[in-house]
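First comes the structure, then the notes that go with it.
We did not get these values from a lab; they are worked out from the coordinates using the rules stated. Worth saying up front: this structure is predicted, and the values here are computed from it rather than measured. No Cβ is skipped: glycine too gets one built from the backbone with ideal geometry, and neighbour counts run over all protein chains shown.
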Amino acid sequence: MRCAMELVEIFRPEFIRTELDAEDKDEVFEELTDCLCLGAHISDREGIIDALNERECKMSTGIRKGIAIPHGKTDLVDKVYGVLGISRKGVDYEALDGQPVHLFFMMVAPKQDSEAHLRELKRLASVLDNPNFYTEMALQRSPQTAFAVLKKYEDIFVNGD
């Protein structure tokens, strides 16, 4: 069994969108899924969206101030994939706190590997615990700078700096 992947392996620059146009949760799912399908060469867009909606029906993944982690499991992928999206205006996401969401960390994992899925969610949650992460990430205007911020805070988490 493989140890946790680094977040920078999952949320690579080609899977980062810093100018989301989405107005609501459905549009967020569509925009992020389009990015995933293009970058990972997945043809079943609706299958990915269905996996996200299936999980979302259980409880909103808008989990903390300004942040959502839509995620799901599907046979359409063979490893964990992530797409990071940043919305300047914020999206009414039906978040638990009722506030608009600006940062989206979509994760899709293989159905047969629930452990990998949970490991990556836990690793992401640990990075999100740093109060400076949200503020710095929300300011990013390019996939490359957003990736650099993710790497910086993941390194802080791993090295304890």
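Neighbour counts of other Cβ atoms within 10 Å put F147, F11 in the fewest-to-most order F147, F11.
Give me S87, S142 sorted ascending by neighbouring Cβ count inside 10 Å, so fewest comes first. Intermediate results must be reported in sequence, preceding the final value.
Values: S87 25, S142 12.
Starting with the residue having the fewest Cβ neighbours, the order is S142, S87.
Dividing the alpha-carbon Rg of the range 35-81 by 2.2 N^0.38 Å yields what?
Numbers: Rg = 11.6 Å, N = 47, 2.2 N^0.38 = 9.5 Å.
Cα Rg divided by the expected 2.2 N^0.38 Å: 1.22.
Here the chain carries DSSP beta bridges of which approximately 50% are antiparallel, counting only pairs with both residues inside. Given the alternatives [x] 100; [y] 126; [z] 109, volume of the Cα convex hull per residue in Å³ as computed for this entry is given by [x]. Packing order of peptides 39-49, 72-82, highest average first: 72-82, 39-49 (average count of other Cβ atoms within 10 Å over each peptide's residues).
For a modelled paramagnetic label at E19, 7 Å from Cα along Cα-to-Cβ, the residues of the range 113-151 in reach, with backbone nitrogen under 16 Å, are 139-146. Cβ crowding within 10 Å ranks L128, L36 as L128, L36, fewest other Cβ atoms first.
Distance from the alpha carbon centroid of the range 105-119 to that of the range 14-65 works out to 15 angstrom.
Label-to-label distance, Q99 versus K79, with points set 7 angstrom from Cα along the beta-carbon direction: 3.5 nm.
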